[in-house]
1. Heads up, I need the accessible area for H115: 1.4 angstrom probe, whole protein in place, Å², nearest 10.
2. Whole number please: convex hull volume per residue, Cα atoms of the range 1-51, in Å³.
3. What figure in square angstrom, to the nearest 10, would you give for the accessible area of T12 with a 1.4 Å probe?
4. Can you give me the Kirkwood hydrodynamic radius for the range 3-120, using every pair of distinct Cα atoms, in Å to one decimal?
5. Let me cross-check D36: its accessible surface, 1.4 Å probe, with only protein heavy atoms counted, in Å² to the nearest 10?
6. Quick one: Karplus J couplings for the range 57-63, per residue in order, coefficients 6.51, -1.76, 1.60, θ = phi - 60°, nearest Hz, x for Gly and Pro?
Amino acid sequence: MTHRLAMEGSDTFEAFVSVAGKMPQAIWEQRNPVNDISFFQITGSKDDVIPKNSDDTAKYAKDPAIETVMTYWAESNGLHETKEIYVGEKASLTKYYSLNQSNQVWSLWVEDGRHAWPDKDINGISVNLLLLITPHYFAGTDILEIERKLIIAVRHPVNMLAHLGELSVKI
């Protein structure tokens, strides 16, 4: 549903987050050739609902593989730089970006994650904290500083929460 909203609502919203979401084939077939949005996808490596190239489940699915979808989001936004960092105990984050654009596409891969909300006690990463800090803490920050702050956030969540007091959050 988030992928569809991103495709159809990009004139209303600037950024989207999908947790254990996929892009339906019908939306994929009508995808925009160009986008100007940020997108953050969180996928578990053992999610049995999301088609993936990494485990060959995409071979048997009508919907596109999530890796293909994330490449599409990056390329359609003109993002050709990539960087991968490891966060938490069992997760990796692939960041697609361009130094001359503010939007980014992020793909968080949770090792052993299933079709569920990742949890610190089970998956070794606090997605709740990550989603809480991402839009506000990283605003106007360059890619290298984002990486440093992200690593601190995952390894030292109490320290990161202290920084949130310095931020003004619009509701």
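1. 80
2. 78
3. 100
4. On the way: mean 1/r = 0.0691 Å⁻¹.
Roughly 14.5 Å, rounded to one decimal.
5. Per-residue accessible area (D36): approximately 120 Å².
6. Calculated HN-Hα couplings, in order: 5, 5, 4, 10, 10, 7, 7 Hz.
The values are calculated or read from the model by the stated rules, or taken from the named source; none is laboratory data. Since this is a predicted model, take the numbers as computed values, not measurements. Protein only, heavy atoms only, side chains kept; ligands, DNA and RNA dropped before computing areas. Shrake-Rupley method; radii C 1.70, N 1.55, O 1.52, S 1.80 Å.
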